[in-house]
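To start, the structure under review is shown below, and the notes come after it.
Every number in this text was worked out from the coordinates using simple rules, so none of it is lab data. Just so we're clear, the structure is a prediction, and the values are computed from it rather than from any experiment. All Cβ positions, glycine included, derive from the backbone under ideal geometry; neighbour counts span all protein chains shown.
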Amino acid sequence: MAVIEFHNQDINVEKKIILKKVNLSIDAGEFILLSGVSGSGKTTFINKIVDEYQQTAARVFQNPDQQFTMETPLLELVFLLENLRFPSQKIGQKIDEILREFHLLDKKNQFVYTLSGGEQQRLALAEAANLKSDLVILDEPFASVDRKNIAFLLDKVKDLKKAGKTIIVADHNPLIYQGLANRIFLFENQKVKILEKNNFDDFYQGFRYRNNFHLKQAHGNPRIKIQNLSVGFSNRLLLDNLKTEILNQENVLISGENGSGKSTLLKSIAGLQKYEGKIKTYGRLSLAFQNSSDSFLKTTVDEEIQLSKKKAFNHYLDDQQQIERWLKKLSLDKLLESSVYTLSGGEQKKLQILLLVIQAPEIVLLDEPFSGLDKKSVLNLISLLQESRSTKIFISHQLFGLDKIISSAYLIKNKKLIKMENIS
Amino acid sequence: MKPALKFILVFFIGLELAFIRSLWLNIFTIIGAMIYLLFKRVSIKKFIWIGLIGFVPFVGSWFMYFNLSIDHSAPFAWIMALRVYAYMFLGGVVVYSQTTTQLMRSFEQDLHMNPTFVYGILGALNFLPKMNRQIKIIRASGKMRGVRLTIFSPQLYVKAIYNSFVWSNNLSQAMYAHGFLEDAKRTHYQQKPLTCKEILEFLFMIILSIIASLIK
């Protein structure tokens, strides 16, 4: 039985056609995978489904920040269960059960915004799974989540499938869902194409990538010196007595599980986090915020580019022709007059990194710069970043393509920063 | 006492303070509120904070009303000056003895206020600390791009307003994704009905405040 049907329907956002003549139906109990480059209309399609669906659809959003309405996991679940008219006297017990199942019982009364990316997505899926809706929509659910959490969350998604729920997932890493998806919808050129089943293997094959990291011993002057750095949150020590030196033009990867303190370390280096110890930076520094629109100060794409050119610290990329070449490569060339706030999430990420490279500070900190981006865009951005001579520090759970740029790597484990000899 | 009832009581005493010039009402309000806050184990730091914040308006009011009154009446100056602390400690009762979530949920459960209004306000209030963090991020982001944003920079507000639009949209989507439907019935976690004792306490406090205001 079809739960969603589209008959040659155009899907618009504010009178602008995003998808043309969509003609498909989704049956109850199906697992649908949506695939397409950033800005191809996957989220718009999802929003349309939510509008058309007769009941409330359970949903895990792309940005964990969009997911929550209350202060703590406890209050979030109270709100959910009250809405579902769960018997009052059983709500407390049910909340403990849910939190225990999703390994969040010790976070019950912690502010949601202090949870790590992985913990937030666990809470989001816990809510979606308990909404008792027959339709579950996951929009890039694992974009900033480490492998351990992905495995955990995927098991829960499999349980939902077994329970007969209709599941729709948009993800730039379809390999995660190999063997799970019944049908794959491809989004390209404003069209939704249904992939033939006998092409599934070729489709997944196209996403396989074997990283081949070559870590090198760095030489040169120091750019960042970290001495006895410790950071704590509400009486809990997150980073303990870190020491290291990052040298000029090094491209560093910092890895670690969700909640290990990677973003906190970057924020400390950027001066946005209180810490004990000493951090000395040599040269100007920019942090590419996880939420890319935070970096924008003007209205249109062109104004942003002009601002970065005007305020450039170094001149690695300031020739107009070169910039135009990159705009074209990143598919931003036709969006020069568009408002930066109407760009898709992926387009905003691409613009954010282009602006950083134009501005060229000596140190660039990148917090999950490629989350939610398609493979081609990631490779293009890596080649763009290779053109810059800044010292770059990356935090990224997705290692795809990073072997082309990373020259040294660290792991944050048990509150310590460990230099890695190789990345397997 | 239920937070919503407490809020109404504070509001009522606040109105009395505004319209009745009574030294005893001020004194009783301050002492009563202090005892209540001590009973609720509010930290001494917060008492000191209220004391410090109120000190300048307290002294200023005393001298202003003393000098402005035709007969240079000291009792009148004391009434007006102590009103500052009476209002501050009353505010302290609302702010420090319960969370906003408890207060708004009590409005819904005890006073049957519309849940859409209650959870809309609550959701919006939960965005306030986020807004604060956002302003810091916008300023840091400006600094990193070589643009100094001060509190007078329009860019700061344009971005803050943009974020508010995004958040308001996110909030309605998130509330919907939590199964919230306007005018739909809901159950209530840890709901305790209003007791006779609470209503009597409320009435007793109202009567006490009226008596205090009548003492000459």
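Note: relative contact order over chain A, using C-alpha pairs below 8 Å and six or more positions apart, is 18 percent. Could you list, in their original order, any pairs among B:K130/B:K192; A:K216/A:K328; A:K158/A:K349; A:K20/A:K328; A:K148/A:K193 whose Cα atoms are separated by more than 27 Å? Those over the limit are B:K130/B:K192; A:K216/A:K328; A:K158/A:K349; A:K148/A:K193.
Normalised by the number of residues in the range A:149-273, the mean separation of alpha-carbon contacts (under 8 Å, six or more apart) gives a relative contact order of 14 percent. Taking R0 as 60 Å, what FRET efficiency do you get between B:L194 and A:N173 from their Cβ-Cβ distance, rounded to the nearest 0.05? E between B:L194 and A:N173, to the nearest 0.05, is 0.65.
The mean sequence separation of alpha-carbon pairs under 8 Å and at least six residues apart, normalised by the residue count of the range B:113-177, gives a relative contact order of 31 percent.
Where does the charge balance sit around A:E82 when Lys and Arg score +1, Asp and Glu -1, over other residues with C-beta under 14 Å from its C-beta? Net of charged neighbours comes to +4. Near A:K148: Cβ cut-off under 14 Å, other residues only, Lys/Arg at +1 and Asp/Glu at -1. The net charge is 0.
Identify the chymotrypsin sites (Phe, Trp or Tyr not before Pro) of the range B:114-216 meeting these criteria: DSSP loop state and at most 12 other C-beta atoms within 10 Å of the C-beta.
Passing both the DSSP loop test and the Cβ count: B:F152.
Spin-label model, B:Q155 to A:Q55: label points 7 Å out along the Cα-to-beta-carbon direction sit 4.9 nm apart. Under a 5 Å amide H cut-off, with hydrogens placed 1.01 Å from N, A:A409 pairs with A:L253, A:M420 among residues at least 5 apart or on other chains. Let me check I've understood the local charge: for B:Q98, count other residues with C-beta under 15 angstrom from its C-beta, Lys and Arg +1, Asp and Glu -1. What total comes out? Overall, the nearby charge balance is +3.
Using the Karplus relation 6.51 cos²θ - 1.76 cosθ + 1.60 with θ = phi - 60°, the per-residue 3J(HN,Hα) values for the range B:186-194 come to 10, 8, 9, 6, 6, 7, 10, x, 4 Hz, with x marking Gly and Pro.
As a calculated quantity, the FRET efficiency between A:A2 and A:Y209 at R0 = 35 Å, using C-beta atoms, amounts to about 0.45. Counting only alpha carbon atoms, the long axis of helix B:154-177 and the longest principal axis of chain B meet at about 80°. Taking chain A as a Gaussian network of alpha-carbon nodes connected by springs under 10 Å, the highest mean-square fluctuation of the residues A:P87, A:P73, A:P174 belongs to A:P87. Annotation: peptides A:145-155, A:346-356, A:1-11, ranked by per-residue average of other Cβ atoms within 10 Å with the highest first, follow the order A:346-356, A:145-155, A:1-11. The angle between the Cα long axis of helix A:147-162 and the main principal axis of chain A comes to about 10°, on a 0 to 90 degree scale. Here's the picture: charge each Lys and Arg Cβ at +1 and each Asp and Glu Cβ at -1 in the range A:1-89, and of A:N12, A:L77, A:V50 the one pushed furthest to the positive end of that dipole is A:N12. Mean partner shielding of peptide A:66-75, defined as the number of other chain Cβ atoms within 10 Å of each residue Cβ, is 6.
Tell me which of A:F111, A:L330, A:N258 sits at the most positive position along the dipole axis of chain A, charges placed on C-beta atoms (Lys, Arg +1; Asp, Glu -1). Working it through, the farthest residue towards the positive pole turns out to be A:N258. If you take the Cα centroid of the range A:1-61 and the Cα centroid of the range A:334-398, the two points sit 28 Å apart.
Just counting partner chain Cβ atoms within 10 Å, what average do the residues of peptide A:290-300 show around their Cβ?
Average per residue, whole number: 4.
Helix B:44-68 and the longest principal axis of the C-alpha atoms of chain B enclose an angle of approximately 60°. Descending by average beta-carbon neighbour count within 10 Å, the peptides A:378-386, B:56-64 line up as A:378-386, B:56-64, the highest first.
Hey, got the average number of other protein chain Cβ atoms within 10 angstrom for residues in B:170-176? Kindly include the intermediate steps, with their values, before the conclusion.
Values: counts 7, 3, 1, 7, 11, 3, 5.
Shielding by partners across B:170-176 averages 5.
The charge dipole of the range A:1-132, taken about its Cα centre with unit charges on the Cβ atoms of Lys, Arg (+1), Asp and Glu (-1) only, comes to about 180 debye.
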